[in-house]
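The block underneath contains the structure these notes are about, expressed in structure tokens.
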Amino acid sequence: MADTLTSILKKLLNQPTAPFHEYHVRAQIEQYLLDVPNVELSTDAFGNLLATYRKGKHKSTPVWALGAHMDHPAWVKVPGKTDEWEFLGGVPKNLVEKKENIALRKESGDIAPWGFPVVFEDGKVHAAACDDVVGCAIIVAVFKELSRLGLDATVHAAFTRAEEVGFLGAWHLGKHWPFGKDAVFLSLETSRPVNGAEMGDGPIVRVGDRLSVFDHELINVLMRTAAEQGIRVQRCLLDAGACEATALQACGIRSVGLSVPLGNYHNLDDDQNIVSEYVDIEDVKQMINLIVALVATKHDGLGERTLEERVNLRMKEYKKYLEIGNAKYEEMTA
Ligand SMILES: [Zn+2]
């Protein structure tokens, strides 16, 4: 997987992207997935790219729909103007408009992302748009790995558009959910590690973001799968930003998130310079392993008893104690 992952990361991270101008990333993803056996591609009316891997009758419980967004904050041409640029996405205006920072952008047709090269160094990959092209690369790698292993599984994916301007693609996905009632949403993001999360300590099971908390049963399935597979994960509230799980959940779809710890979130270092973002490749690999295990496993009957089962057992176990306590109270109040 290692070689494939490196080449997928390199190819995808080299594509210029911006909100509404995700076509280069999208074309590269399509090229990767077109010839993968058991994978079907389609698009929705908003232009989100949808994919399903389906082999055999096996379905995990629940059925997972993976999600990652294809855009990243960048300069785009103002509609109808030939030489006027506007910055789309969450980076302070006073920073992006500094002269020395404007010099860092690299024009590519109607968009001008930050012109940083993709660099692999010391187990990390540095690039202009790890958020969330790394998430897209993870989905591609998961689908290729499922296919390589010939695993019986059903798993969906959505590569969304225009997340950076307020979840536009994710909102459309949630309002026109194409994956069926038994499918739940798993947002795959790169995020600033906060609240004890550390880069290099494994993928983060995201219990929530700045705007919402996520489905606790789905969180438990993720934690249990990681424990069963011996995959080190971090369970954290990542409230320095928001992710698409919040949008999908608001549309009534059960949702949860996984995050790869991200350095230089939205291209800002500690001194507010515009720089490359970076992630630890081992964190990315572990996230892929976790997702492959997640979709290839039937989770009912595995691991711990449900809370209801546990409470019912305790109720039986402590029945006598309860009766004695009740009798004492009756005595006292008689
Ligand atoms: Zn972002």
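Check which residues have an amide H placed less than 5 Å from Val207's amide H, if you skip close sequence neighbours.
For Val207, the qualifying residues are Cys236, Leu237, Leu238.
Would you kindly derive the ³J(HN,Hα) couplings of segment 152-161 from the backbone phi angles with the Karplus curve 6.51 cos²θ - 1.76 cosθ + 1.60 (θ = phi - 60°), listing them in order in whole Hz, with x for Gly and Pro?
Running phi through 6.51 cos²θ - 1.76 cosθ + 1.60 with θ = phi - 60° gives 6, 6, 10, 8, 10, 8, 10, 9, 9, 10 Hz.
Whose amide H sits under 5 Å from the amide H of Arg254, counting only residues 5 or more places off or on another chain, with H placed in the peptide plane?
The answer is Phe185.
Helix-derived [θ] at 222 nm for the chain: sum -39500 (n - 2.57) over DSSP H runs of at least 4, divide by residue count, nearest 500?
Per the formula, -11000 deg cm²/dmol.
Along the positive direction of the dipole of segment 2-296 (beta-carbon charges: Lys, Arg +1; Asp, Glu -1; about the Cα centre), which of Pro203, Ile138, Gly180 reaches farthest?
Gly180
Once phi is turned into θ = phi - 60°, what whole-Hz ³J(HN,Hα) does the Karplus curve with 6.51, -1.76 and 1.60 give for every residue of segment 268-274, x standing for Gly and Pro?
10, 8, 4, 9, 6, 7, 7
Which value, in debye to the nearest 20, describes the size of the charge dipole of the chain about its Cα centre when Lys and Arg Cβ atoms bear +1, Asp and Glu Cβ atoms bear -1, and nothing else is charged? Walk me through the numbers before you get to the answer.
Details: 36 positive and 47 negative charges, 193 e Å.
So the dipole magnitude of the chain works out to roughly 920 debye.
For Lys144, list the aspartates and glutamates whose Cα falls under 17 Å from its own Cα; do not include residues on the same chain fewer than 8 positions away.
Reachable aspartates and glutamates: Asp3, Glu30, Asp35, Glu40, Asp152.
May I have the pair-distance distribution P(r) for the chain, computed from all Cα-Cα distances with 10 Å bins from 0 and rounded to whole percent?
Spelled out bin by bin, the chain gives 6, 25, 33, 19, 8, 4, 3, 1, 0 percent.
Roughly what % antiparallel, to the nearest 5, for the DSSP beta bridges in the chain?
60 percent
The numbers here are math on the coordinates, done by the rules we state, and not lab data. These numbers come from a predicted model, not from an experiment. Cβ: placed from backbone, ideal geometry, glycine included. Neighbour counts: every protein chain shown.
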